[in-house]
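Asks: Next up is a structure, given as structure tokens.
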Amino acid sequence: MSIQIRNLSFSYGSLNALQDINLSLQEGCFNALLGPNGAGKSTLFALLTRLYALQNGEISIAGRSIAHHPAEVMRKLGVVFQQSTLDLDLSIAQNLYYHAALHGISKRQALPRITEELARFDLSGRLHDKVRTLNGGHRRRVEIARALLHKPEILLLDEPSAGLDPATRESLNRHIRELCDQQQLTVLWATHLIEEVHNDDPVTILFRGRILASDTASRLCQQHNSADISTLFRSLTGTTE
Amino acid sequence: MTLRDALICFNGLLQRELLRFVQQRSRFFSALVRPLLWLVVFASGFRAALGIAIIEPYETYITYEVYIVPGLCAMIILFNGMQSSLSMVYDREMGSMRVLLVSPMPRPFLLLSKLMATSLISLLQVYGFLIIAWLWGVEAPVTGYLTALPAFLLVAMMLSAIGLFISARIRQLENFAGVMNFVIFPMFFLSSALYPLWKMREASEWLYWICAWNPFSHGVELIRFALYQQVNGQALSIVIAVTLVASILAVRGFQPQQGMGKR
Amino acid sequence: MRCLTKILPPLTLSLLSTGMLWNQAMAETAYVSNEKDDTISIINLDTLEVTGTINVGERPRGIIFSHDKTRLYICASDSDTVQVMDLKDNRIIAQLPSGEDPEQFALHPDDRHLYIANENDAVVTVVDVKTQEVISQIDVGVEPEGMAVSPDGRWALSTSETTNMVHWIDTRTHEVVDNTLVDQRPRHVEFNKDGSIVWASSEIGGTVSIIDVSNRQISHKLNFQIRGIHPDKIQPVGIKLTDDGKYAFVALGPANHVAVVDAKTYEVLDYLLVGRRVWHMEFNSDQSRLLTTNGISGDVSVIDINRMKVIKSIKVGRYPWGIRIKP
């Protein structure tokens, strides 16, 4: 019972961004949402985070409808947005305290949580450094730490590795997978980079607003007689990426 | 949402605005330059222009500099309110507003808290300006600086709420320049900020009516009276009513239920 | 302790109310002559409100108290008389001969002799208030206006608007013994407390001349300049000097400002905005306040001298001219 999406459609005027999406995330797993740019990933995220209102269909998170119980749902959700949402001129601590306050967590309660999360990312010593002094990889880690502050059950990440070098991407991906294993966290990781998807990950391939396939990567390859997920993705979407 | 959550949340919002304010000291000073130019350059030239009639709440003849100080305070609030409201709307799909909107707190509470926090920051600039005006020789009664505080806050809430409503609803005002030209300038110039309404009436009757209907005029008058330890009942009720209506409309514009597609 | 709390409130209340009564009885009163209305307005200086208006002769201008402050002398210019008002019941009890068109006058320290400037006849008329007779008429320059008698009673000074002179009248002989040429249209003269210095304002010249009484020569000349106001509008008229010798106040007529001058260095310290065409001024008894008559705007502005701020302007009749304050 993590995230369930039923018959979801969304359009910007006459342009259909999402059509008849049905999706259930595997609990405690690294779920990949794979799709090229413009496939509708960001629209889906905007709907999941209540930036846009539902037009058709239903989303429930942890068993609660997002339209009817927004507060409960948002409490269970941690989000990392595609663009950085950190205040560059404030310190890591100030950014994290702000987020904690938005969830009704006082500074005193937040501090142990912050130290714990930062320690996981080897950023403990930089608590009072301004975000501006951090490199891109570290900024992402701070954002992930922030998304985990209020101990959500589900973590959404929209293209978290965008703009990072391959080594950083790799380590970030590994970190998130460790989190899944250690904390039974359900993760939805949206990406257009196929190499970030592992063979036993549940994968959903989104293309032009529709779901083309949804299963673990290895099983999808079997079903479609593809050598690997990369070949599969190309044959399904007709892209050369 | 418990009261404790609400307090923590509001406190967090306020602290963030404060920190940003401290970080951007240059913005603070540049925000002071505009009203000070009005006061020092513009008002000095017209120094004796108003020594013709005594208008409430003043007890005697005043120089033009004394007259425009409440209007200039309101101008600081107007610019700040519009600026922060506009950034709230244009940042909503990215950046800090998204962080705000994924909070489990009710959105009306979040938005109004944010408006309140930026309003309180505006007050710092207003009092900064009043101190400089005082050094320049434009004084109000000492207790007036205190009695004006709730007026400043209320007017700040009104103007940010109007700003939020306008920028959420009227897409054509795409940037701050648009808001300057079509909202801030008309609001400021067609009000009692620079000239008293009787003076406007001497110029033209319809100009007078526009100014009399402009909520900004009532904000200015509320501040003007409060600075002289008086309550202008009419201005107060109009400002409260406009604040309420604009807040409701602005908050509705931010409810996901209202939907708002990608621009 | 309990007893105390029971007793205290009524006690303080009664103290307060007697205090208030006392205050009311002791409130200072300003008398303002309204040139166009032929009235005197009475202002309570505690409440700063007009408490009464009295009809007097035509075109009342200069007003002055007898030394015991029981009577008010009023120059009723168009009635060609000086009226005497009893301040007990504000009734006119006598009309003194004054010569034609009396405008300004001064009372000799002997409390008996009024020196009255008669603008149209180029004379100063001396009247004995006791016998109600004209004692002397002294020829001075054309259009005499300002009048003052030195504190020691030796000199009566008259200024003539067209001749541009301050005339020095010896009060023993009633003869002009000397003249001091000042700037155009001298309007008002004022002695300092010890009588060693005279301040004379020149309306058109826009200056105030400081004259040394010992040699009757000008020792200083004050000029005025107000931001945003055309120099032609700066027309000094009324002058008041504080007893402590600290300040001089100069009413600048259509400039609508009162200049605050350091009476020792003759430096202009400030300009205070008052009503339109400010004319004459008067201190209250402890000199903490200065009241100005503003002719065109028809009001009296109240200046707080400690703060050097105008605190209020009070509507009176049309064209207020002279003002005196009774403790």
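Asks: List every residue pair whose Cβ atoms sit under 6 Å apart, with the two residues 6 or more apart in sequence or on different chains, where the first one lies in the range C:141-160 and is within 15 Å of C:D178 (Cα to Cα) and the second, anywhere, is among the β-branched types (V, I, T) and not in a strand (DSSP E or B).
Replies: Close Cβ pairs satisfying both conditions: C:G141/C:T163; C:A156/C:T171; C:S158/C:V140; C:S160/C:V140; C:S160/C:V142.
Asks: Select from the range A:109-143 the residues that are more than 10 Å from every other protein chain (Cβ to nearest Cβ) and among the small types (G, A, S) and write down the one among them that is surrounded by the fewest Cβ atoms within 10 Å (Cβ to Cβ).
Replies: The qualifying residue surrounded by the fewest Cβ atoms within 10 Å (Cβ to Cβ) is A:G125.
Asks: Quick one: A:G38 ticks every box in (1) over 16 Å from the mean Cα position of the chain (by Cα); (2) more than 10 Å from every other protein chain (Cβ to nearest Cβ); (3) over 19 Å from A:F81 (Cα atoms); (4) not charged (D, E, K, R) bar one, so which box is it?
Replies: If we test A:G38 against (1) over 16 Å from the mean Cα position of the chain (by Cα); (2) more than 10 Å from every other protein chain (Cβ to nearest Cβ); (3) over 19 Å from A:F81 (Cα atoms); (4) not charged (D, E, K, R), just (3) comes out false.
Asks: Please specify each residue of the range C:292-321 satisfying the condition of being open to solvent by less than 10 Å² (accessible area, probe 1.4 Å), under 24 Å from C:V268 (Cα atoms) and part of a strand (DSSP E or B).
Replies: C:T292, C:T293, C:N294, C:V300, C:S301, C:V302, C:I303, listed by residue number.
Asks: Open to solvent by 20 Å² or more (accessible area, probe 1.4 Å) and either in contact (Cβ under 8 Å) with a residue 24 or more places away in the chain or closer than 20 Å to B:L159 by Cβ (or both): is that true of B:P70 in this structure?
Replies: On the way: open to solvent by 20 Å² or more (accessible area, probe 1.4 Å): no; either in contact (Cβ under 8 Å) with a residue 24 or more places away in the chain or closer than 20 Å to B:L159 by Cβ (or both): yes.
Against the criterion (open to solvent by 20 Å² or more (accessible area, probe 1.4 Å) and either in contact (Cβ under 8 Å) with a residue 24 or more places away in the chain or closer than 20 Å to B:L159 by Cβ (or both)), B:P70 does not qualify.
Asks: So which residues in the range C:133-149 are in a loop (DSSP other than H, G, I, E, B) and either surrounded by 22 or more Cβ atoms within 10 Å (Cβ to Cβ) or out of contact with any strand residue (DSSP E or B) (no Cβ under 8 Å at 6 or more places or on another chain) (or both), if there are any at all? Before you say what the answer is, go through the steps one by one.
Replies: Here is the first cut: in the range C:133-149, the ones in a loop (DSSP other than H, G, I, E, B) are C:140-143.
Within the range C:133-149, just C:V140 meets the criteria.
Asks: Shifting gears a bit: Give me the residue from the range A:59-87 that is of a type in the set (S, T, N, Q) and over 23 Å from A:H128 (Cα atoms) and, out of that set, most open to solvent (accessible area, probe 1.4 Å). Give the steps one after another, and end with the answer.
Replies: Of all residues in the range A:59-87, those of a type in the set (S, T, N, Q) come to A:60, A:65, A:82-85.
Checking which are over 23 Å from A:H128 (Cα atoms) leaves us with A:60, A:65, A:82.
Numbers: A:S60: 16, A:S65: 22, A:Q82: 71 Å².
By that ranking, first place goes to A:Q82.
Asks: Let me ask you something else. Could you list, in sequence order, all residues of the range C:267-291 that are part of a strand (DSSP E or B), touching a Ser or Thr at 6+ places or on another chain (Cβ under 8 Å) and more than 20 Å from C:R227 (Cβ to Cβ)?
Replies: C:W279, C:H280, C:M281, C:F283, C:L291
Asks: Please verify whether B:S87 is within 14 Å of chain A (Cβ to nearest Cβ), part of a helix (DSSP H, G or I) and closer than 23 Å to B:F182 by Cβ, treating the condition exactly as stated.
Replies: For B:S87, the condition - within 14 Å of chain A (Cβ to nearest Cβ), part of a helix (DSSP H, G or I) and closer than 23 Å to B:F182 by Cβ - is met.
Asks: Does A:S106 fit the bill of being among the hydroxyl-bearing types (S, T, Y) and either more than 9 Å from chain B (Cβ to nearest Cβ) or crowded, with 18+ Cβ neighbours inside 10 Å (or both)?
Replies: Values: among the hydroxyl-bearing types (S, T, Y): yes; either more than 9 Å from chain B (Cβ to nearest Cβ) or crowded, with 18+ Cβ neighbours inside 10 Å (or both): no.
In short, no.
Asks: Six or more apart or on different chains, Cβ atoms under 9 Å: show the pairs whose first residue is in the range C:303-321 and at positive phi and whose second is of a type in the set (F, W, Y) and open to solvent by less than 30 Å² (accessible area, probe 1.4 Å).
Replies: Pairs that qualify, where the first residue is at positive phi and the partner is of a type in the set (F, W, Y) and open to solvent by less than 30 Å² (accessible area, probe 1.4 Å), are C:Y319/C:W279.
Asks: Same structure again: Using the structure shown, decide if C:Y271 is of a type in the set (F, W, Y) and either within 30 Å of C:T53 (Cα to Cα) or more than 14 Å from every other protein chain (Cβ to nearest Cβ) (or both).
Replies: It is false that C:Y271 is of a type in the set (F, W, Y) and either within 30 Å of C:T53 (Cα to Cα) or more than 14 Å from every other protein chain (Cβ to nearest Cβ) (or both).
Asks: Might you check whether a residue that is of a type in the set (S, T, N, Q), part of a helix (DSSP H, G or I) and farther than 23 Å from B:S103 by Cα occurs anywhere in the range A:176-185?
Replies: Within the range A:176-185 (the criterion being of a type in the set (S, T, N, Q), part of a helix (DSSP H, G or I) and farther than 23 Å from B:S103 by Cα), the answer is yes, since at least one residue qualifies.
Asks: What are the pairs with Cβ atoms under 6 angstrom where one residue, in the range A:195-216, is of a type in the set (V, I, T) and the other, located anywhere, is buried (at least 21 other Cβ atoms within 10 Å of the Cβ) and assigned to a helix (DSSP H, G or I)? Sequence gap at least six, or different chains.
Replies: A:V197/A:A217; A:V197/A:I229; A:V203/A:A217
Asks: Looking for something under 20 Å from the mean Cα position of the chain (by Cα), within 8 Å of another protein chain (Cβ to nearest Cβ) and open to solvent by less than 50 Å² (accessible area, probe 1.4 Å) - is there at least one such residue anywhere in the range A:88-101?
Replies: Within the range A:88-101 (the criterion being under 20 Å from the mean Cα position of the chain (by Cα), within 8 Å of another protein chain (Cβ to nearest Cβ) and open to solvent by less than 50 Å² (accessible area, probe 1.4 Å)), the answer is yes, since at least one residue qualifies.
Asks: Look at the range A:41-76 and say how many of its residues are facing chain B (nearest Cβ under 7 Å), touching a residue at least 24 places away in the same chain (Cβ under 8 Å) and hydrophobic (A, V, I, L, M, F, W, C).
Replies: 1
Asks: Right, another one. Is at least one residue of the range C:52-60 touching a residue at least 40 places away in the same chain (Cβ under 8 Å) and outside any loop (DSSP other than H, G, I, E, B)?
Replies: Quick first cut of the range C:52-60, residues touching a residue at least 40 places away in the same chain (Cβ under 8 Å) only: C:53, C:60.
Filter once more, so that each one left must be outside any loop (DSSP other than H, G, I, E, B): C:53, C:60.
Looking through the range C:52-60, at least one residue is touching a residue at least 40 places away in the same chain (Cβ under 8 Å) and outside any loop (DSSP other than H, G, I, E, B).
Asks: Kindly indicate which of B:L7, B:L39, B:L3, B:L14 is surrounded by 17 or more Cβ atoms within 10 Å (Cβ to Cβ) and within 14 Å of chain A (Cβ to nearest Cβ).
Replies: On the way: B:L7 fails: surrounded by 17 or more Cβ atoms within 10 Å (Cβ to Cβ); B:L39 fails: within 14 Å of chain A (Cβ to nearest Cβ); B:L3 fails: surrounded by 17 or more Cβ atoms within 10 Å (Cβ to Cβ).
One residue alone meets the criteria, B:L14.
The values are calculated or read from the model by the stated rules, or taken from the named source; none is laboratory data. The shown structure was predicted, so the numbers you read here are calculated from the model rather than taken from an experiment. Neighbour counts run over all protein chains shown; Cβ positions are idealised from the backbone, glycine included. SASA here: full protein model, heavy atoms, side chains in, ligands and nucleic acids out. Shrake-Rupley method; radii C 1.70, N 1.55, O 1.52, S 1.80 Å.
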